[in-house]
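In what follows, a single structure is set out as structure tokens and then discussed.
The values are calculated or read from the model by the stated rules, or taken from the named source; none is laboratory data. What you see is a predicted model, and the numbers here were worked out from it, not measured in a lab. Glycine gets a Cβ as well: all are built from the backbone with ideal geometry, and neighbour counts include every protein chain shown.
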């Protein structure tokens, strides 16, 4: 196989083009990474050092955790974590239950009404009323200012539903057929055949839902006005941006000297840290998910 | 004769009903399974959809959406009389059309470059870096941008140190808003969007590259004449879909990146709906009229995009 060997030789040579491409990609990577380093750096800096240094990426003279200490004295950050975990713990199981049962029930649309229901579900991707009628509905249901408005405003995600259904359709039908011949009912087929085989896609969709729930802020901004029920993302928004929507701004009162940027960066850190920590391990699931989606779309 | 045919038809219908009934019974577990999801869609997707009928009504809180009296097109007349409404449509078109030009090509570009990287481990690390920001909310990304683009932020410090430039108000200058939207969009999502193109590249027949190599084509030539044409259909389909989202999309980004100084150039249709509904005096009928207008335009755009995409041989939005 001399030809193949030769090709491999050519492939391994480092050309000028490789250099150019790597440089471009590394520049882009730096543009992505540097803002994160700056935020991490500022969150550990003191006002003095930030003001004194001309270009501070990371504090070298006097790193401190003072900003974090100040931040956790603010009751809002505790409320934020509590609310967000509540949304995650109730919301994700609801999302998974609704989406999984619907996806499996819809794998074969060979029973009366199934096709119509399927198209009605797809239609919601094309045509939706936006936030205004949903807000009015929540008002009439009396769910405003309760966690349930957030939980139910985001139930089935039609895109994830399609991804999951596509995966379940791709499972060999002979397995289901033979189970049926052996006398297994719909429930046994679901729990003992379909769900175990669908583990990869269940994991992927679960992670997507978890990230969506973690990042939830808009519905909460609309539906929740109570000061003791604010998700973390909105706490961050209130601390960083000039917020007049959910009440007061000041973090530690006007008398205590504080490093505003430092506390803001500390807030960014505590809001994105969980995503940051888990992401490297979960990345392959996310990529898998979009691949299945891409094949369909 | 006619009676006989009618009778036969009746019999046929009866048979079909019986057949359907048996089918329903046979599949009762399936109905049970889809019930929670279907109920969710009915309540939280379809009731709001019908709630848009409020656009033709005068909303009276105690009567609810469905009890309020019909008023015809009055709300629409009011909407079209509001200059801010027309302005918001222009703003939406301007910002999103710019996205097609300045943001859309980047994922393709990255996928092409990325495909040429041959060091496996390095590739993995790079991919993690490129895709990570996509999983952060726009609240976080905007907060990061506010931090590094502020008066004493990293970018202004850098410009001052290297070029001696006075601090630039990146976030508070209306003319910088649009570029800011595009740059942050690329920063957040170009790496993630590139994955779809990379999947398309992976599907290109390797023999084409080998044949080209034997013919003496350089790597740049192979990129240009094999890879790019190989993903052309993917590019076209995604472009058409992007056109379909011309009037929607980008709300979370624009909402978090804009501020009091830039809201005039940032008020897209969705921003307008948010302002008239949740800020100041509320007229839900007016908001519903704008929402209905928005939904219909989006539907028309998406269906048109779907048609065109199918006609040129790609797959559409739905199935």
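Points worth noting:
- Meets criteria (touching a residue at least 60 places away in the same chain (Cβ under 8 Å), farther than 30 Å from residue B:34 by Cβ and part of a helix (DSSP H, G or I)) for residue A:88: no
- Test for residue B:297: is it under 22 Å from the mean Cα position of the chain (by Cα), at negative phi and at pLDDT below 85: no
- Here the condition is being within 24 Å of the chain's Cα centre (by Cα) and in contact (Cβ under 8 Å) with a residue 60 or more places away in the chain; of A:164, A:125, it holds for A:164 alone.
- Condition check for residue A:69: outside the structural domain of residue A:225 (by TED's automatic domain parsing) and either without any contact (Cβ under 8 Å) to a residue 40 or more places away in the chain or buried (at least 16 other Cβ atoms within 10 Å of the Cβ) (or both): yes
- Condition check for residue A:107 on (1) in contact (Cβ under 8 Å) with a residue 12 or more places away in the chain; (2) in a loop (DSSP other than H, G, I, E, B); (3) within 8 Å of chain B (Cβ to nearest Cβ): one failure, at (3).
- Residue within the stretch B:18-35 that is in a helix (DSSP H, G or I), more than 25 Å from residue B:241 (Cα to Cα), touching a helix residue (DSSP H, G or I) at 6+ places or on another chain (Cβ under 7 Å) and away from chain A (no Cβ under 14 Å) present: no
- Top-ranked residue in the stretch A:265-282 [being closer than 10 Å to residue A:236 by Cβ and at the interface with another protein chain (Cβ under 8 Å from one of its Cβ atoms); ranked as surrounded by the fewest Cβ atoms within 10 Å (Cβ to Cβ)]: A:268
- Between B:136, B:171, B:154, B:180, the distinction of being more than 12 Å from every other protein chain (Cβ to nearest Cβ), in contact with a helix residue (DSSP H, G or I) (Cβ under 7 Å, 6 or more places away or on another chain) and within 30 Å of residue A:216 (Cα to Cα) belongs to B:180 only.
- Filter result for residue B:117 (assigned by TED's automatic domain parsing to the domain that holds residue B:221, surrounded by 13 or more Cβ atoms within 10 Å (Cβ to Cβ) and outside any helix (DSSP H, G or I)): yes
- Identification of helices (runs of 4 or more DSSP H) wholly contained in the stretch B:202-319 with 1 or more residues that are over 21 Å from residue B:107 (Cβ atoms) yields B:206-214, B:219-222, B:251-257, B:263-266, B:269-278, B:284-311.
- Count - residues of the stretch A:159-172 that are surrounded by fewer than 18 Cβ atoms within 10 Å (Cβ to Cβ) and under 28 Å from residue A:222 (Cβ atoms): 1
Residues checked against (1) under 30 Å from residue B:78 (Cβ atoms); (2) in contact with a helix residue (DSSP H, G or I) (Cβ under 7 Å, 6 or more places away or on another chain); (3) in the same structural domain as residue B:84 (by TED's automatic domain parsing):
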{"site": "B:207", "(1), (2), (3)": "no, no, yes"}
{"site": "B:226", "(1), (2), (3)": "no, yes, yes"}
{"site": "B:247", "(1), (2), (3)": "yes, yes, yes"}
{"site": "B:277", "(1), (2), (3)": "yes, yes, yes"}
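- Tally of residues being modelled with pLDDT of 85 or more and either loosely packed, with under 10 Cβ neighbours inside 10 Å or not assigned by TED's automatic domain parsing to the domain that holds residue A:101 (or both) across the stretch A:173-187: 3
- Which listed residue, of A:236, A:232, is modelled with pLDDT of 90 or more, under 23 Å from residue A:87 (Cβ atoms) and at the interface with another protein chain (Cβ under 7 Å from one of its Cβ atoms): A:236
- Residue in the stretch B:71-94 that is surrounded by fewer than 13 Cβ atoms within 10 Å (Cβ to Cβ) and not in a helix (DSSP H, G or I) present: yes
- Some residue of the stretch A:46-63 being under 24 Å from the mean Cα position of the chain (by Cα), in contact (Cβ under 8 Å) with a residue 12 or more places away in the chain and either closer than 26 Å to residue A:231 by Cα or not in a helix (DSSP H, G or I) (or both): no
- Hey, residue A:198 closer than 15 Å to residue A:96 by Cα and at pLDDT 90 or above or not: yes
- Test result for residue A:136, within 14 Å of chain B (Cβ to nearest Cβ), farther than 27 Å from residue A:275 by Cα, out of contact with any strand residue (DSSP E or B) (no Cβ under 9 Å at 6 or more places or on another chain) and part of a loop (DSSP other than H, G, I, E, B): no
- Those residues of the stretch B:279-292 which are out of contact with any helix residue (DSSP H, G or I) (no Cβ under 7 Å at 6 or more places or on another chain) and under 30 Å from residue B:175 (Cβ atoms), in sequence order: B:279, B:280
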